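Have a look at the structure below, then the notes.
All of the numbers you see were taken from the coordinates with simple rules; none came from a lab. In this text, all values refer to a predicted model and were calculated from it rather than measured experimentally. Glycine also receives a Cβ, built like all others from the backbone with ideal geometry; neighbour counts cover every protein chain displayed.
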Amino acid sequence: MTPERRENKRDVIIEVTTNLMFPLILLFGLYVMIGTGGTGGGFQGGTILAAGFILYITVFGHEKGREKMPESINALFKSLGLFLYNGAGWICILFSMATAQWLNMPAFWPVSDFVGVPVSRSFLVGYMISVGIGLTVMASFVSQYFDLAWKEEDEMGGGGE
Amino acid sequence: MLLVEHFPVIIVGLSMFLAYTMLLAGYINRRLPFFMSLAMNFFFLFLSIFVLNHVLTEGPIRYWQGGWRPPWGIEYVVDAMNAYLLIIVISIVILGLIYSKRNVEFEIEERKHVTFYTLIQLMAAGLYGITVTGDLFNMFIWLEIASLTAYALIAVAGGRALRPAYNYVIMGSIGACLYIFGVCWLYSATGTLNFADMRLLLPLVYDNKAVQMGFAMIVVGVMIKAYIFPLHLWQPDVYTYAPSTVSSMMASVHVKVMFYILLRLFYSVFTLDFIRHYIGLDLVICWVAAAAILAGSIWAIKQRNLRRMLAYSSVSQMGYILLGVGLSPLSPWGLVGAVAHILNHAVGKGCLFMCAGAIRQQEGLRDIRDFEGLGKKMPHVCAAFTIAAFSMIGIPFTAGFASKVFLIIASLDASQYPFVAVLLISGLLNLVYFWRVIDRMYFARHRGADDPAEAASDAPATVQEAAPSGPSNSAKSGRPLPLSMIAPILALASLCIILGVIWLTDIPSPLINHILSNLRMEATI
Amino acid sequence: MMEWIVQHFLEKYNFWIAMFIIIIGLTATIVKKNFLKKLIGLSIFQTAFFLWVVSLGDVGRDILTSWGLKTQTPPILWMQAAEKGYIYANPLPHVLMLTGIVVSAATTAVALAIVIRIYQKYGTIEEDEIIEKEMEFERRGVL
């Protein structure tokens, strides 16, 4: 059914290149996510981050990839991302329960005044949501790749969202 | 803005928040996610009762996300129909969770439990989201969340559930893509995605071919999701092989919420005017519904696997709701029957699927021919099965009788007499296939006289037929059923009778009148 | 005659092309027996659908009326372009389809996971071979 395991043939060029490129891919993903006013947005940046991890797992194999992203840290990132982008909404609901209306999310004045950045309305909340989405997307794609690429019997299908 | 107006968004947002918290909590303690989920869903039920109260006394809740006014922002609208459906969905999710605790320990491996409960909570979040949203694209998002988690939940069972799960993935994705395709056709003609705004703009463009195409595509897409005949082909395999909790939850609420999308489309986006006068589709819908009712019942008679029989029975019950919707341009009782049947079928079919799971867990039986003397071994479950089956058949003073009565009144009111005959015949057909099971359970007969007759009359066994009784049926727990599984079954069965009596009195009249006026039917009962 | 062709075909060439690819994808999903090919067909269907919707945002000024080409800038707020009077493409279809792409990716991931498990269990991903294997497993009482 499944082909018998071959020893992974190690190639110096591919390994060195991946070792060099992996942090640069992650940095580029962060840039796409929030750099220069957040041109890419959450999903795109998260996908590039996940692509970096997937490259690492493809080249170095499943076990060493697991060292870079253990299962519990993966779940932590999934949930952390969701807490960030859901939490942005929750903060606004909590602040607007006492007042008359549902607060405009970018107009989250108290925090941006405190941080001291120029009054750019969508600064903090927009970035928070982007980063949250990006983290969840990255963690989901990496965990799906682990599930799909693991050649063991009796593996659960249907990874994260 | 009152506190109660925040509740729909709190229910939906907190569901998603909770699902991922459960994922983390699973690392602390394996049993924690179940209790968290149960506690929070009880809290949501509590909130949704306040929502229903507010909607009935003061009017619909309109909630603008982020303060952006519609039609540019996403709006959540909760009126009487939404609040009613929300309470039904939350209640059935709670009952399903209580049932699932011991069932999941029996059917699914230990290491998958945390992700199973997370997926169930995510599916519940998706269903709550579809119920409360007021924006067409937002509805697509929640629809996909509910569907993707359902695909994964069905595939958790492994084994024979994998190919039907893949089938469902492909067909369900085509359905959802057709839905959003239709929405984009409507967007191209009107420029808005909000329900209320589209309702104002559409009458200006009814003759536009794009609008009619959009309507057709949305209807076909939702028909695939809500397994309305003839687009139901993925459903029987899926309900037969999925885990019992998932089957019962999907048959009770998942499909109802998909049907609710159709209701919203017919009443709040396109008025009944469009369906009756511009494309003259209302009688066609009625005849498709009649075909669904009869075909589902006839196929159910042929089945030997209990859950496959219940799955085909669900196809026929969807026909009832569609018949009510189709008769509603001519008579408001049609919509009353459809809305009533949403609740009655959820209660009855949920109970039946839970009984099937319980029978499989305790005795290891799937095939109807093996149910000899089950009435003595599992008295509570069989009693509940009988009551729920009577509700499906339409015996007086059960819930199903009420919705049948409303539909018959609707057909007489609309002067469409063939549908009265269809409803009565389908009651008889339901009686045939349910009585087979009840007969086997209670009035045990000697095996020899029956087998040749049954074996000769069955169609040649294809893969879709049940596994023959033998070593494959032997997985059973052998212990008596725990209370946490019997309690929801008995609760649902007693609800069948209680609701049956309530529907016949005057108590639900204010709710029904509010639903009718919120869905813009200018008639009251 | 020429106006009929121009009005119905040339002005709406984007919709025709996208619809053609949608039909190809849908046909692949329905007709092919291999599970992966079905999934590829679904992916083609969804991608062409995104193309259809994004091309709805085409609202610029006509530069060649007879050929139906329009000109507009991408929907990014650029002060110099706004001062010169350029028209922006409608950003709403772009944003909606970003979400659609995410949904499509998630669906593909779930479907691939199920295909992997089917392959582990049955050793094949052709639909008719799987049905035969199911019947064989059922006869032997394995499943």
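Put the Cα centre of segment B:65-94 next to the Cα centre of segment B:300-355 and the gap is 24 Å.
Separation of segment B:1-61 and segment C:105-122, taken as the distance between their Cα centroids, equals 32 angstrom.
Which one, B:I130, B:S147, B:T115, projects farthest toward the positive side of the charge dipole computed for segment B:100-165 from Cβ point charges (K/R +1, D/E -1)? Ranked along the dipole, the leading option is B:T115. Annotation: lysines with alpha-carbon distance below 29 angstrom to A:K68 (same-chain offsets under eight excluded): A:K9, A:K78, A:K151, B:K112. Per 5 Å bin from zero, what fraction in whole % of the C-alpha pairs of chain C is there, up to the bin with the longest pair? Calculated P(r), rounded to whole percents: 2, 9, 12, 14, 13, 11, 10, 8, 6, 5, 4, 3, 2, 1, 0, 0. Working from label points 7 Å from Cα in the Cα-to-Cβ sense, the B:N29 to B:Y417 distance is 6.7 nm. Think of chain B as having a plus end and a minus end, set by charges on the Cβ of Lys, Arg, Asp and Glu; of B:A295, B:W68, B:W435, B:W435 sits farthest toward the positive end of this dipole.
What does the convex hull of the alpha-carbon atoms of segment C:94-143 project to on average, in nm²?
Details: hull surface 16.8 nm².
The number I arrive at for segment C:94-143 is 4.2 nm².
Divide by every residue of chain B the summed helix terms, -39500 (n - 2.57) for each DSSP H run of at least 4, and state the resulting mean residue ellipticity at 222 nm, rounded to the nearest 500 deg cm²/dmol.
Values: 21 runs with 366 residues, N = 525.
After summing the helix terms and dividing by the residues of chain B, the value is -23500 deg cm²/dmol.
Between C:Q7 and B:W72, how high is the FRET efficiency from 1/(1 + (r/R0)^6) when r is the Cβ-Cβ distance and R₀ = 30 Å? Nearest 0.05.
The pair C:Q7/B:W72 has a calculated efficiency of 0.40.
Scoring C:107-116, A:133-142, A:82-91 by mean Cβ neighbours within 10 Å over their residues and listing the highest first yields A:133-142, C:107-116, A:82-91.
Scaling the Cα radius of gyration of chain B by the globular reference 2.2 N^0.38 Å produces a ratio of 0.94.
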